[in-house]
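Q: Before we start, here is the structure in question, set down as structure tokens.
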Amino acid sequence: MACDKLTLEASSRKCIKAISKARHFDLMLQLQRNSEIKLLTEHQHINWTATSFMLNYNLSDKDNAATSFAQHRQRSFKYKIFSQELPTLSCMRRQRSDLYPSADCLSCQRHKEFQSHFWTCSSHQDQWRMILNQATTMLTNILHQSSSRHRLTHEQLQVCLHESRTFISKGIVPTSLFDLVSSVCRSLPNTHLTLAKVYNYIYRQVFTHIWKPRYAKVIAHEQTLGISNCTKRLKNQSTTFQYLPKQQGHSAPFNTANHLTCPWVYWFTASIKQGLSWISYVYSPKAEMFRSFTTSAICSVTNPKDTNRISHRFSIDSPNLIDSLVLV
């Protein structure tokens, strides 16, 4: 496929898939629930390459090949933390207000149990500090084994890891921690692997020493309320929610001027020109250099309604459409 005389030395399917991923990632950041993460991203406080690797890395010394139940449980727990979908009492009450009369935390009995409160609850702070200290020891040992010249003290790593606790509670890797580990590892794959192992250890310890005891209290609380698994599966009989009927309407016309200002277009354009993945240029100053470069051509790929413009801007360079993609 050819467009604007710029050749991509990759499969056209992979390129269009990357465009789709960048577009949906930008839509995720635009959600109201992710406003804090978007703000941190715009100020370059999040390393999304390391975050993506960490969320999808679930191997251990015992499970190196096939996906086990432990790996699936670990992956599920991490993604629930990242998407803010941990089944806290406030979340369960929002879904089944007829079963849960209150969302007060069962540990401290003073605040509503939102996901943010789960990490800041006073009854969990001793275990939380102990887990971070153990993770610091683990990180220190890994870094000392990887490099004998550039070594960081235990205190430096402990301070950085404790300062990153807010990022850890959101399932993201901060740039400060990434830069500190990268200064010792001196290799991008080793840095990603080291951070993924440390994060996986932290989440396993949180699941074992904080989440499971908290879950036992929830089960005992549900038994006092007479809530069983069968009751949870029943349809919600509450009448407090009145949903408005869907209104038939016409979709808004496609506006090319607004679509060209989408930041994900600049991320993908920077990845074409400078290499690496598009996720490395999320709200990066390097991506701003290519604001007017091939943006109209990339936008034409993602607009399914404007098929005529797509056919004029793209020409087939391979009969199977998988050898190369040339963007104008």
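The values are calculated or read from the model by the stated rules, or taken from the named source; none is laboratory data. A quick note: this is a predicted structure, and the numbers were derived from the prediction, not measured. Note: ideal-geometry Cβ built from the backbone for every residue, glycine included; neighbour counts use all protein chains shown.
Q: Any residue that is over 13 Å from the mean Cα position of the chain (by Cα) and under 20 Å from Tyr201 (Cβ atoms) - is there at least one of those in the range 33-55?
A: no
Q: Being over 25 Å from the mean Cα position of the chain (by Cα) and either hydrophobic (A, V, I, L, M, F, W, C) or not assigned by TED's automatic domain parsing to the domain that holds Tyr199 (or both) is the filter here, so list the residues in the range 144-171 that pass it.
A: Filtering the range 144-171 for residues over 25 Å from the mean Cα position of the chain (by Cα) gives 144-156.
Hit for the range 144-171 is Leu152, nothing else.
Q: Going residue by residue through the range 144-165, is there one that turns out to be of a type outside the set (Phe, Trp, Tyr), part of a helix (DSSP H, G or I), in contact (Cβ under 8 Å) with a residue 40 or more places away in the chain and closer than 16 Å to Asn47 by Cα?
A: Initial filter on the range 144-165 (of a type outside the set (Phe, Trp, Tyr)): 144-165.
Cutting the leftovers down to part of a helix (DSSP H, G or I) gives us 144-146, 154-163, 165.
After this cut, where a residue has to be in contact (Cβ under 8 Å) with a residue 40 or more places away in the chain as well, the list is 146, 165.
With the extra rule that they be closer than 16 Å to Asn47 by Cα, the set shrinks to 165.
Scanning the range 144-165, I find at least one residue that is of a type outside the set (Phe, Trp, Tyr), part of a helix (DSSP H, G or I), in contact (Cβ under 8 Å) with a residue 40 or more places away in the chain and closer than 16 Å to Asn47 by Cα, so the answer is yes.
Q: Name the residue that is farthest from Asn34 (Cα to Cα), counting only residues in the range 159-172 that are crowded, with 18+ Cβ neighbours inside 10 Å and of a type outside the set (A, V, I, L, M, F, W, C). Steps first, answer last, please.
A: Kept after step one, since they are crowded, with 18+ Cβ neighbours inside 10 Å, are these residues of the range 159-172: 160-161, 164, 167-168, 170-172.
So of that shortlist, the ones also of a type outside the set (A, V, I, L, M, F, W, C) come out as 164, 170-171.
Values: Ser164: 18, Lys170: 10, Gly171: 12 Å.
Top of the filtered list is Ser164.
Q: Ok, one more. Of all residues in the range 178-202, how many are among the aromatic types (Phe, Trp, Tyr) and surrounded by fewer than 19 Cβ atoms within 10 Å (Cβ to Cβ)?
A: Looking only at the range 178-202, we keep the residues that are among the aromatic types (Phe, Trp, Tyr), and these are 178, 199, 201.
Narrowing the set further to residues that are surrounded by fewer than 19 Cβ atoms within 10 Å (Cβ to Cβ) leaves 201.
Residues that pass the stated criteria total 1.
Q: From the set of residues in the range 258-275 that are of a type in the set (A, V, I, L, M, F, W, C) and farther than 12 Å from Ala18 by Cα, which is modelled with the highest pLDDT? Step through it out loud before you land on a result.
A: Start the filter on the range 258-275 by keeping residues that are of a type in the set (A, V, I, L, M, F, W, C), which leaves 260, 262, 264-265, 267-268, 270, 272.
Subset that is farther than 12 Å from Ala18 by Cα: 260, 262, 270.
Numbers: Leu260: 47, Cys262: 80, Ala270: 83.
That would be Ala270.
Q: Residues in the range 16-41 that are farther than 17 Å from Trp278 by Cβ and acidic (Asp, Glu): how many?
A: Taking the range 16-41 and keeping what is farther than 17 Å from Trp278 by Cβ, we get 31-37, 39-40.
Imposing the further condition that a residue be acidic (Asp, Glu) reduces the set to 36.
Matching residues across the range 16-41 total 1.
Q: Pick from Arg73, Arg96: which is at pLDDT below 90 and within 30 Å of Leu195 (Cα to Cα)?
A: On the way: Arg96 fails: within 30 Å of Leu195 (Cα to Cα).
On inspection, the qualifying residue turns out to be Arg73.
Q: Also: Please go through the range 14-41 and pick out each residue that is modelled with pLDDT under 90 and surrounded by 13 or more Cβ atoms within 10 Å (Cβ to Cβ).
A: Those that are modelled with pLDDT under 90 and surrounded by 13 or more Cβ atoms within 10 Å (Cβ to Cβ): Cys15, Ile16, Ala18, Ile19.
Q: Here is a further query. Select the helices (runs of 4 or more DSSP H) contained entirely in the range 42-135, then report the ones holding at least 1 residues which are without any contact (Cβ under 8 Å) to a residue 60 or more places away in the chain, assigned by TED's automatic domain parsing to the domain that holds Pro189 and surrounded by 18 or more Cβ atoms within 10 Å (Cβ to Cβ). Before the answer, list the steps.
A: On the way: elements: 48-56, 69-82, 89-95, 115-120.
Answer list for the range 42-135: 89-95, 115-120.
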